[in-house]
1. Please give the length that would be gained between Arg113 and Ala208 if that part of the chain were fully extended, namely 0.36 nm times their separation in residues minus their C-alpha to C-alpha distance (nm, one decimal).
2. Counting only Cα atoms, I'd like the Rg/Rh figure for the range 444-504, Kirkwood definition for Rh.
3. How big is the charge dipole of the range 415-555 about its Cα centre, in debye rounded to the nearest 20, if each Lys and Arg gets +1 on its Cβ and each Asp and Glu gets -1 on its Cβ?
4. Based on DSSP, what percent of beta bridges with both residues in the range 224-334 are antiparallel, to the nearest 5?
5. Just the number please: accessible area per residue for the chain, 1.4 Å probe, all protein chains included, in Å².
6. Take the alpha-carbon centre of the range 334-374, take the same for the range 71-114, and report the distance between them in whole Å.
7. Residues in the range 112-133 near a label at Asp163, defined as backbone nitrogen under 19 Å from the 7 Å Cα→Cβ point?
8. What FRET efficiency would be calculated for the residue pair His571, Leu536, taking the C-beta separation as r and a Förster radius of 56 Å, to the nearest 0.05?
Amino acid sequence: MNLSKRDFLQVLGAASAAGMGLARYADADAATAQRGLYDVAPFGNVSFLHMTDCHAQLKPCYFREPSVNIGVGPMRGRLPHLVGEALLTTAGLRPGTAAAHAYTYIDFEKAARRYGRVGGFAHLATLVKQLKASRPGALLLDGGDTWQGSATSLWTDAQDMVDAAKLLGVDVMTGHWEFTYGMERVKEIVEKDFNGRIEFLAQNVKTADFGDPVFKPYVLREINGVRCAIVGQAFPYTPIANPRYLMSDWSFGIQDDNMQTVVDEARAKGAQVVVLLSHNGMDVDLKMASRVRGVDAIFGGHTHDGVPVAVPVANAGGKTLVTNAGSNGKFLGVMDFDVKGGRVVDFRYRLLPIFANQLKADPEMDALITKVRAPYESKLAEKLAVTDGLLYRRGNFNGSWDQLICDALMDTQDAQIAFSPGFRWGTSLLPGDVITRELMMDQVAITYPYATLNEMSGETIKTVLEDVADNLFNPDPYYQQGGDMVRVGGLAYTCDPAQKMGSRISDMRLDGKPLEAGKTYKVAGWAPVAEEAKNLPGVKPVWEHVETWLKAQGGRVAPRRLNTPRLVGLHGNPGIADA
């Protein structure tokens, strides 16, 4: 795609594309607000709708965007590594608006109480139907991380989300956390539930023995007489970030060269538009866009970045637009292409926040959600405690939910230190909210939930922290292989993200005293990737520890004091609040 005149306008024109004047409709009924806020004029002749990383959130929720999303090296100061006012300024969005609340953490509690919950499949379904009606032939693309992240998805073996995706009208999807249900379950869903309904694509998943494709690499669809190709890219580091034994017969990877071959093949078969449905993470997508030619747009996921603009990236074939559509069902991306003479000549992109109070619930989807939840309602609704502080997860180093989990693991297992994985998913709670079993499970609902207690040397602890830090802060995006930084309870340390591997972590202290390399410490954790962990004597799922701890708090949980590292070398970095 060769675009120039619109590139600058698209990057700076997000206020009109995504800035919603919600205040005008704050007191209106949902139907009136829906007409005013989501009346998105169609453009061109080819349209794609994009959702990603909903993490099984069928019901509306609160979700706080990060105040720490650090970019290092060439990514410093660039999207998606902008937070708060820096993001608003770059995207041309006004502070104090609904859009400012949707895309940033600023005044989160106050804004959340004003604008209400976000997402919810019944409200999303209403918007999808509205947009598809105004855009004949539009395809709904799901970037994955759809089947995991809630109690009901875990307890139904993902069936609740499979049924919801079919009813929502998803046309194409790829995956990541989907694979943690195991190879047999994934193939069962793809070959039975999805057969003739939803295409599951992944050009980079092959059999480990002979390198044969496990899934279709791409699919061709006609949209208003225009042949379009959708290519799938699953999370390339699934067997590293998650237990390899759950997908042991399959290999993953970025596979740039094969991606180029697939794109060239699709073009040779007459595709005038080629888009990539990716779960790489946005930094990886930006690099891939510079290396692979012939892709008009990348619809990205994994890193949960709600980026209000499409970022143009130059490559040998022209330019590729890179997008990322947030998480938790909070956003729906809308890409409209104008295709003439066999190529894209113009586009419009919007990332629409899903404000549940401003969209009517679709009755059919609402009924399905009620049905799938019915057997579990009493279990989901059980009150465990009330939180006196804001509980959230997202951020490079820690969140109050993970602090709570670390505190619980240290207390229930009598550990000196606790590690909690740097997962980006997990809903938020406002001060005064009831912590139900459902909301607790939103933070821990995985298929390998085992809590661990190990003796670790100070040297090993540093190695763990260095390894995870490199996965997050390696200046080459292709070596960023995980989530956010492991959350740490009990241990203080200093981190310099700009240093090289092995030199980022220093001054580790326990109770004010330096950690000794040769001394062993009791370290609690959860979500081990080793298969043997589930068979250890007395092992319990993490939610049992957290629930026990919550019930022991006397009905109320005090605000958590975040244990975050001392950060150096980040003065002025717009990826961290108040840097």
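The values are calculated or read from the model by the stated rules, or taken from the named source; none is laboratory data. This one's a predicted model, so the numbers in the text were calculated from it and none came from an experiment. Methodologically, a virtual Cβ is constructed for each residue, glycine included, from the backbone with ideal geometry; neighbour enumeration extends over all protein chains shown. Side chains are part of the model used for accessible areas, which takes the heavy atoms of the whole protein and leaves out ligands, DNA and RNA. Shrake-Rupley method; radii C 1.70, N 1.55, O 1.52, S 1.80 Å.
1. Length gained, Arg113 through Ala208: 29.2 nm.
2. Taking Rg over the Kirkwood Rh, I get 1.00.
3. 260 debye
4. 30 percent
5. 36 Å²
6. Here the answer is 22 Å between Cα centres.
7. In the range 112-133, the label zone of Asp163 (backbone N under 19 Å from the point 7 Å along Cα→Cβ) covers 120-126.
8. Step by step, r from the Cβ atoms, then E = 0.80.
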